[in-house]
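Here the structure is laid out as structure tokens; the discussion comes afterwards.
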Amino acid sequence: MIARRKTRKVQVAAVSIGGDSPISVQGMTKTRTEDTKATVRQIEELAEVGCEIVRVAVPTRVAARALKKIKAQISLPLVADIHYSPTLALMAIEAGVDKIRINPGNIRKPEAQKKIVLAAKKHKIPIRIGVNSGSVLPRKGLKVMRPAEEQNLAVLMVELVLKAAHFFESLDFGDIVISLKASDPIVTIRAYRLAAMKCDYPFHLGVTATGPAEESMAKSAIGIGTLLAEGIGDTIRVSTTGPPQLEIKTAYDILAALGIRRHSPEIISCPVCGRCEVDLPKIVGEVKEALAHEKRPLKIAVMGCVVNGPGEAAEADLGIACTKDYGFIFKKGEILRRVSENALMNEFLQELRELE
Ligand code: SF4
């Protein structure tokens with residue numbers, strides 16, 4: 001069990017962030033927000049795969065005006081993502097969103113920030129102060145950062161976020177979530193670690209602009225996972241240049257790998273070696289398909305031989321260890337029976353249905 005950093009609790013409609021709340025999973029739509037129909041459809045798809053808070057970009061007045069319609073058709077808490085324009089922030093708040101995200105790197109003027117804070121206060125919604133590394137420094141010509149520069153960047157990000165937070169507090173507004181995302185997971189980790197020593201605001205974790213799916217998964221797992229393993233982080237969002245559903249799945253995979261939360265079954269399968277006599281990837285694919293609609297947080301093992309299989313997957317709720325012509329079904333490390341190859345999948349599925 002990971003001991004979590006103590007943070008204040010902030011409410012985003014029915015979902016709380018921080019304090020003793022479960023670490024929530026956030027997503028962001030990739031539709032044009034002005035296209036209400038497509039945006040609502042994508043939000044429903046995200047809710048289906050476990051998204052708990054959804055954010056939409058608000059780059060135009062038309063998008064800001066669409067928020068009310070979107071909000072009326074969805075069940076997830078809605079967050080408006082605002083850059084540069086205090087007017088759009090005020091329009092989003094008036095439209096009834098459940099939280100807004102602003103970047104103090106591009107809404108810098110205290111008068112503008114003050115208007116937003118007072119509106120959020122009036123509507124009783126929280127603000128995420130979301131700093132991205134790109135909005136902190138003019139880094140023209142800086143191709144490779146040296147460790148000291150990375151450190152410096154993290155420090156500047158934290159200074160910017162806390163300066164805004166202190167200003168908000170001076171206006172008697174404390175419903176604050178903060179984020180400090182860089183595209184480099186190491187800078188991201190440094191920034192959050194530093195901020196964790198200086199405040200009790202709940203943290204929205206993420207690594208930004210991580211690239212295409214595979215690279216993104218590794219960067220997110222390192223950035224978000226390292227912090228969560230240290231007890232830092234209250235809500236997470238994985239970013240990838242790919243389908244938004246994949247971001248949600250990856251977020252849950254990170255939480256599951258750390259034993260924090262599981263939203264669907266986890267498949268433990270071996271890497272395969274010279275002892276394997278079956279087409280294990282195919283069998284894993286069949287098991288995965290069979291589990292597609294399973295919501296119980298089970299651990300299911302699919303191992304490539306009977307020599308090491310049951311032992312290596314002893315913690316699984318249910319498993320199969322395959323060998324040529326037959327396989328073993330096992331439960332919590334105990335072998336239940338030997339089954340012929342033809343009957344293996346059916347018997348495994350039967351055991352799965354009967355699992356308590
Ligand atoms: S379970 Fe068996 S086949 Fe799979 S990696 Fe281990 S020893 Fe090899």
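Just so it is clear, none of the values below were taken in a lab; they were calculated from the coordinates. All figures in this text were calculated on a predicted structure; none of them were measured in a lab. Note: ideal-geometry Cβ built from the backbone for every residue, glycine included; neighbour counts use all protein chains shown.
Summary table below
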item	result
Proxy reagent accessibility, fewest Cβ within 10 Å first, across Arg353, Arg61	Arg353, Arg61
Nearest-ten-degree value, helix 110-122 long axis tilted from longest Cα axis of the chain	60
Cα-centred dipole magnitude for the chain, charges only on beta-carbon of K, R (+1) and D, E (-1), debye, nearest 20	1840
Computed [θ] at 222 nm, helices only, for the chain once each DSSP H run of length n ≥ 4 contributes -39500 (n - 2.57)	-13000 deg cm²/dmol
Residues Thr39, Thr33, Thr226 arranged by fewest to most Cβ contacts within 10 Å	Thr226, Thr33, Thr39
Rounded to whole Å, sorted largest first: equivalent-ellipsoid semi-axes of the stretch 281-356, Cα gyration tensor	17, 14, 12
Antiparallel %, DSSP beta bridges [both residues in the stretch 10-257], to 5	10
Long-range tail of P(r) for the stretch 54-93 (Cα pairs > 13 Å, %)	42
Among Leu336, Leu162, Leu258: highest mean-square fluctuation, GNM of the chain, C-alpha pairs under 10 Å	Leu336
Counting all C-alpha pairs of the stretch 10-257, share separated by more than 26 Å (%)	34
Sequence of Arg5, Arg275 once ranked by neighbouring C-beta atoms within 10 Å, starting from the fewest	Arg275, Arg5
Loop-located GluC sites (Glu not before Pro) in the stretch 307-352 whose Cβ has at most 16 other Cβ within 10 Å (DSSP)	Glu315
Overall Cα dimensions of the stretch 94-133 - principal axes, largest extent first, Å	28, 19, 13
